[in-house]
Amino acid sequence: MSVTAAADPMLPEPFGILRKRRELSDTFTLELSPLHGGGTFAFRPGQFNMLYVFGVGEIPISISGDPEDDGPLVHTIRAVGTVSGALRDMEAGDVIGVRGPFGSAWPVEEAEGRDVVLVTGGVGLAPMRPVIHHLLAHRQRYGKLLILYGARTPEDVLFRKQLEQWRSRFDMFVDVTVDRATGKWRGRVGVVTKLIARAGFDPHDAAAFVCGPEVMMRFSVQALNERGVADERIHLSMERNMKCAVGFCGHCQFGGQFVCKDGPVFRFDAIRDIFSVWEV
Amino acid sequence: MVRIEGLERILREHPFFEGLSADYQDLFAGCAANERFEAGGFVGREGEPANKFYLVRHGIVALEYAVPARPPLVLETLEEGDVFGWSWMVPPHTWAFDVRAMTLVRLISLDAECLRGKFESDHRLGYELFRRFVPVVAKRLAAARMRLLDMYDSPK
């Protein structure tokens, strides 16, 4: 039995917090399980849920777990506001509401046969992790697989152990850079776009998935274009103030589209003209 | 028989000198030398005379500021294909920061005194060098501006 897609998409399902794990000073991961039982929480890489702290509010959070794992539902959250702050203060055994999954997914089928370049920054690695799991689970379907990750400092590198594990594999390439560091850091220092300029992939056929703060995505798209990656082969995950998550309320309207329903994953050429507009 | 690798070929293959005529490659090679630094070694120290610039052939170097009572702050790391050291072109011709080898590093150094003499008699040669340096400076400036944006910060 699946716990996804409740009959009423506006009705939260109660989920219990099984575990809470601190990732960074302001970022944590929750493992959730439906209170009323049920099977695997089916979702596609890139989709999000609405997480409801009763009496406080509801926020959209991308799923950060393995889509092919039948374990708990996993969300990685950065505490930046009232609801995310309330989630940070919760503990194992507490109950929250979950609606979802919602939104579009990374086009993993479309990318088959191509090199796949994942460009990500900061906490943007969390929504990217399900697609990494998928690509690795079906590794033979893809060409080269590259993760290019940027963070503010070494202390802000998310999923560090997992990045190290992925980096130790022979069938993928992982490169990490930070904006600033002290002499104790043995890795690269510089902007994430420099990783794009250096990375070994076929720019004329590669698929690029970009996820991070929008200012980072802006420069990443520019660097991908400079390498020769066409807009049609670039997808990115947009973040907007989503409320209903099903395209009713219009809070997340982005030009002629709704980020909750038509996104959050968009092909870049579909949003290119409004991507840099201050207020659409 | 062991053949010594010609600096002309190394310069020709380095992206910094892409498209340079053979005559000028020879001229630059006349001012060039191979250098090697072990991990932790300093290629340049802040305040010391800057009389060379470098092409990275292998390894990683860090551009650093020393800070009292703290580990040095790394401004940027550079690696194969990169160029560093334009302080020799800008008064007072001293290194603006430390340059430390993070790994074993192999570099090609170009001697500023040697080049200045040649530029005086051949302005075209100077132009060829400067038109290669300006994009490097522009890219570093763009990267520095990008980092000022603190772009990994989430919107509040």
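At a glance:
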{"item": "Near pairs, Cβ below 7 angstrom, 6+ apart or cross-chain, from the range A:254-278 (closer than 20 Å to residue A:107 by Cα) to any residue that is acidic (Asp, Glu) and buried (at least 20 other Cβ atoms within 10 Å of the Cβ)", "result": "A:264/A:239"}
{"item": "Filter result for residue A:96 (assigned by TED's automatic domain parsing to the domain that holds residue A:219 and at pLDDT 95 or above)", "result": "no"}
{"item": "Residues satisfying the stated conditions in the range B:10-28, i.e. out of contact with any strand residue (DSSP E or B) (no Cβ under 7 Å at 6 or more places or on another chain) and not in a loop (DSSP other than H, G, I, E, B)", "result": "B:12, B:13, B:15, B:17, B:22, B:23, B:24, B:25, B:26, B:27"}
{"item": "All helices (runs of 4 or more DSSP H) inside the range A:97-203 with 3 or more residues being surrounded by fewer than 24 Cβ atoms within 10 Å (Cβ to Cβ) and hydrophobic (A, V, I, L, M, F, W, C)", "result": "A:125-137"}
{"item": "Criterion (surrounded by 14 or more Cβ atoms within 10 Å (Cβ to Cβ), at negative phi and within 14 Å of another protein chain (Cβ to nearest Cβ)) met by exactly one of B:73, B:110, B:129", "result": "B:73"}
{"item": "Single unsatisfied condition, residue B:149 versus (1) in contact (Cβ under 8 Å) with a residue 40 or more places away in the chain; (2) within 13 Å of chain A (Cβ to nearest Cβ); (3) not charged (D, E, K, R)", "result": "(1)"}
{"item": "Among residues of the range A:9-40, those that are in contact with a Ser or Thr (Cβ under 6 Å, 6 or more places away or on another chain) and touching a residue at least 12 places away in the same chain (Cβ under 8 Å), counted", "result": "5"}
{"item": "Verdict on residue A:262 being modelled with pLDDT of 85 or more, touching a helix residue (DSSP H, G or I) at 6+ places or on another chain (Cβ under 8 Å) and not assigned by TED's automatic domain parsing to the domain that holds residue A:64", "result": "no"}
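The values are calculated or read from the model by the stated rules, or taken from the named source; none is laboratory data. Quick caveat, the model's predicted, so the values are computed rather than measured. No Cβ is skipped: glycine too gets one built from the backbone with ideal geometry, and neighbour counts run over all protein chains shown.
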